[in-house]
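Novice: A single structure is presented below for examination.
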Amino acid sequence: MTVERANLLFFDSNCKIGKSSTGSEFMVWSRSDLLLEMDRLGISRALVTHNVACEYDPQEGNAKLIEEIKGESRLVPCWVVLPHHTGIFSEPEQLIEKMQKHNVPAVRIMMTAHNLLLHEICLGELFSALQSVRVPVFLDYGDRHWGDERIDWTGLMWACSTFPDLPVILCRPGLNINFKLFPVMHRFSNLHIEISYFQVHEGLEELTRVCSHEQLLFGTGMPRFDAGAAMTMVSYSGLTEHEKSAVAGGNLTRLVEGVSFYGK
Amino acid sequence: MGSDRFCDMGRRGQPLDRVRVIDAHAHLGFCQIGVLASSAERMVRVMDRIGVEKVAISSFAAIGPDAELGNDAVRRVVDKYPDRFIGYAAVNPNYTSEVSTLLERCFSGNQFKAIKIHPSFHDYPVCGEGYAEVYEFANSRGIPILSHTWGSADILEKLATQYSNVDFISAHAGGYDPRKGNDKGLSKLLELAREKPNVYLDVTFSVIFAGAFEELVKRVGADKLLYASDCPFLNMPFQIGRVLMADVCDEVKVKIFGQNAAKLFKI
């Protein structure tokens with residue numbers, strides 16, 4: 001007997017909008033094309049960062065993002081930010097005020113592109129402020145091949161242990177880091193992964209042996225990467241229907257709605 | 001949402017029905033690069049969840065240090081699950097004197113339907129002496145050969161012409177990046193697959209660039225592409241999505257999912 005399964009509500013945690021340096025006509029970079037592709041596949045919402053913020057000027061890109069997704073409730077903004085000592089961004093408290101004004105519930109830190117230190121000296125004050133309002137922090141090490149591992153594990157453990165109430169999300173971890181990832185996910189319940197490239201056979205299932213399914217977030221890597229396969233990685237996983245629903249969108253919804261100022 | 005019945009099944013995680021799904025490139029055994037849960041039993045569980053009928057496997061041991069050890073493991077798994085697994089016999093050309101004995105042994109039974117070579121792991125040239133015996137053997141019996149890489153489209157064309165009774169499968173076409181579609185080497189491979197009757201491409205790869213699969217279908221044609229997962233090296237539910245959720249018609253998906261592989265492996 002075939003058990004009919006309900007549609008999962010997918011909320012994409014790793015999506016970008018806007019043209020890219022290495023983009024092409026094959027990539028759905030505009031708001032309208034992105035929404036069309038989300039409709040075709042059945043993705044309900046997406047947390048979006050602007051490519052101009054990732055690849056050029058974060059301030060300009062963040063402003064462009066707000067403008068381009070205005071009025072579209074399915075697209076939730078995520079800003080690229082830098083610590084204030086760079087002189088490019090303001091003090092953390094002022095940054096948070098601005099985020100509150102524009103209802104931005106998440107930030108992306110371009111660890112590789114901006115060559116940042118995952119350490120108290122560089123990111124301590126920023127993380128402290130973000131923790132106070134529970135803003136999730138996405139650590140972006142770039143769209144690297146799985147053989148090109150760049151994660152600063154010591155720094156990652158510093159961030160998770162020093163700021164236990166800060167949701168930390170590792171973007172796009174690849175398939176060859178399991179032997180490091182598993183114990184770290186087990187130790188730090190505030191460490192999450194965005195699973196778009198977590199191409200590990202029975203990876204989601206095995207991870208939930210050592211950590212909670214609440215630490216896994218569906219993500220696609222759109223527009224550079226295809227989204228459909230990221231969906232089937234969840235839908236055909238051996239997780240329970242409740243766990244699948246959480247990974248597909250429930251976990252990210254909880255994180256976004258957990259931000260003290262979001263939606264107010 | 002799109003009305004494609006396959007997309008609908010994929011969104012809901014519904015086991016695929018009314019379609020043969022034959023995975024043309026997968027593996028068995030332990031792999032050093034963080035592969036987990038690699039037993040045949042767990043693979044069958046995943047196959048059942050998705051609705052994959054059969055998976056063609058070579059052993060990581062066989063494309064690694066010990067071909068005989070690995071091929072024996074594949075033999076045992078196919079004996080245990082004859083309706084679910086197809087064996088690829090692998091050889092290490094660095095041990096040239098063993099090649100013919102290994103192949104004779106593998107193809108004396110019915111567990112193996114094709115040959116797998118891995119010139120990268122074995123650090124051996126595709127046109128090297130150690131592989132010549134493999135091509136002759138395969139050609140004499142009409143056995144398909146899958147390779148991780150054929151070096152270049154020119155080399156593959158030469159081999160496919162010389163050994164016209166062999167169906168050559170080039171792995172990892174799924175890594176095709178349509179932004180680089182005008183790259184001469186890549187374009188030549190796609191054209192070769194399109195034009196040469198005995199050249200096929202499998203579509204597994206760790207990433208799927210936007211529009212890649214749809215573009216592959218346009219450039220190569222649905223008849224020469226083979227669905228594959230590279231499981232347990234890669235995640236089977238992810239890899240199925242490449243075809244399942246693609247913006248192509250159902251007829252194309254059915255061919256790539258299993259019709260092409262069924263003809264190739266004669267099953």
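Novice: Can you work out which of the residues in region A:143-181 that are of a type in the set (Val, Ile, Thr) and more than 14 Å from chain B (Cβ to nearest Cβ) is farthest from A:Thr220 (Cα to Cα)?
Specialist: Restricting to residues being of a type in the set (Val, Ile, Thr) and more than 14 Å from chain B (Cβ to nearest Cβ), the top hit is A:Thr162.
Novice: Another question, if that's okay. From the list B:Val19, B:Val55, which residue is surrounded by 24 or more Cβ atoms within 10 Å (Cβ to Cβ) and of a type outside the set (Lys, Arg)?
Specialist: Exactly one of B:Val19, B:Val55 is surrounded by 24 or more Cβ atoms within 10 Å (Cβ to Cβ) and of a type outside the set (Lys, Arg), namely B:Val55.
Novice: Sticking with this structure for a sec: Condition first: part of a loop (DSSP other than H, G, I, E, B), within 15 Å of the chain's Cα centre (by Cα) and either of a type in the set (D, E, K, R) or more than 9 Å from every other protein chain (Cβ to nearest Cβ) (or both). Now tell me which residues in region B:230-257 satisfy that.
Specialist: Matches in region B:230-257: B:Asp230 only.
Novice: Scan the strands (runs of 3 or more DSSP E) fully inside region A:6-112 and keep the ones with 2 or more residues being within 14 Å of chain B (Cβ to nearest Cβ).
Specialist: A:10-17, A:43-50
Novice: Being farther than 25 Å from A:Gln215 by Cβ, under 19 Å from the mean Cα position of the chain (by Cα) and surrounded by 19 or more Cβ atoms within 10 Å (Cβ to Cβ) narrows it down to one residue among A:Ile96, A:Ile69, A:Ile109; which is it?
Specialist: A:Ile69
Novice: Looking only at helices (runs of 4 or more DSSP H) that fall completely inside region A:128-212, which ones have 1 or more residues that are open to solvent by less than 10 Å² (accessible area, probe 1.4 Å), within 24 Å of B:Phe30 (Cα to Cα) and out of contact with any Pro (no Cβ under 7 Å at 6 or more places or on another chain)?
Specialist: Where helices (runs of 4 or more DSSP H) fall fully within region A:128-212 and carry at least 1 residues being open to solvent by less than 10 Å² (accessible area, probe 1.4 Å), within 24 Å of B:Phe30 (Cα to Cα) and out of contact with any Pro (no Cβ under 7 Å at 6 or more places or on another chain), they are A:178-187, A:203-210.
Novice: A further question on this structure: Considering each of B:Gly70, B:Gly29, B:Gly87 in turn, give the residue that is touching a strand residue (DSSP E or B) at 6+ places or on another chain (Cβ under 9 Å), more than 10 Å from chain A (Cβ to nearest Cβ) and modelled with pLDDT under 95.
Specialist: It is B:Gly29.
Novice: Hey, any hits in region B:75-84 for a residue that's touching a residue at least 40 places away in the same chain (Cβ under 8 Å) and open to solvent by less than 10 Å² (accessible area, probe 1.4 Å)?
Specialist: Checking region B:75-84: not a single residue is touching a residue at least 40 places away in the same chain (Cβ under 8 Å) and open to solvent by less than 10 Å² (accessible area, probe 1.4 Å).
Novice: Follow-up. Please go through region A:112-125 and give me each residue that is in contact (Cβ under 8 Å) with a residue 24 or more places away in the chain and open to solvent by 10 Å² or more (accessible area, probe 1.4 Å), ordered by number.
Specialist: Matches in region A:112-125: A:Thr112, A:Ala113, A:His114, A:Leu116, A:Leu117, A:His119, A:Glu120, A:Cys122, A:Glu125.
Yes or no, residue by residue, for (1) out of contact with any strand residue (DSSP E or B) (no Cβ under 8 Å at 6 or more places or on another chain); (2) in contact (Cβ under 8 Å) with a residue 24 or more places away in the chain; (3) within 14 Å of another protein chain (Cβ to nearest Cβ):
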{"site": "A:Arg187", "(1), (2), (3)": "yes, yes, no"}
{"site": "A:Glu202", "(1), (2), (3)": "yes, yes, yes"}
{"site": "A:Tyr236", "(1), (2), (3)": "yes, no, yes"}
{"site": "A:Glu243", "(1), (2), (3)": "yes, yes, yes"}
{"site": "A:Thr253", "(1), (2), (3)": "no, yes, no"}
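Novice: Scan region B:182-204 and tell me whether some residue there is in a loop (DSSP other than H, G, I, E, B) and at positive phi.
Specialist: For region B:182-204, residues in a loop (DSSP other than H, G, I, E, B) and at positive phi: absent.
Novice: Another question about this same structure. Inspect region B:48-66 for any residue being in contact with a helix residue (DSSP H, G or I) (Cβ under 7 Å, 6 or more places away or on another chain), over 19 Å from B:Ile256 (Cβ atoms) and at the interface with another protein chain (Cβ under 9 Å from one of its Cβ atoms) and give the result as yes or no.
Specialist: Within region B:48-66, none of the residues are in contact with a helix residue (DSSP H, G or I) (Cβ under 7 Å, 6 or more places away or on another chain), over 19 Å from B:Ile256 (Cβ atoms) and at the interface with another protein chain (Cβ under 9 Å from one of its Cβ atoms).
Novice: Shifting gears a bit: Going through region A:252-264 one residue at a time, which ones are within 17 Å of the chain's Cα centre (by Cα) and more than 19 Å from A:Leu41 (Cβ to Cβ)?
Specialist: Answer for region A:252-264, where residues must be within 17 Å of the chain's Cα centre (by Cα) and more than 19 Å from A:Leu41 (Cβ to Cβ): A:Arg254, A:Leu255, A:Val256, A:Glu257, A:Gly258, A:Val259, A:Tyr262.
Novice: For region A:216-247, which positions are surrounded by fewer than 24 Cβ atoms within 10 Å (Cβ to Cβ), of a type in the set (S, T, N, Q) and either in contact with a Gly (Cβ under 9 Å, 6 or more places away or on another chain) or assigned to a helix (DSSP H, G or I) (or both)?
Specialist: A:Ser245
Novice: Right, another one. Find all pairs meeting these conditions: Cβ atoms under 9 angstrom apart; at least six residues apart or on different chains; first residue within region A:37-52 and open to solvent by 30 Å² or more (accessible area, probe 1.4 Å); second residue at pLDDT below 95 and of a type in the set (Val, Ile, Thr).
Specialist: Short answer, once both residue conditions are applied: A:Glu37/A:Val28.
The values are calculated or read from the model by the stated rules, or taken from the named source; none is laboratory data. Just so it is clear, the model here is predicted, and its values are computed rather than measured. Glycine gets a Cβ as well: all are built from the backbone with ideal geometry, and neighbour counts include every protein chain shown. Protein only, heavy atoms only, side chains kept; ligands, DNA and RNA dropped before computing areas. Shrake-Rupley method; radii C 1.70, N 1.55, O 1.52, S 1.80 Å.
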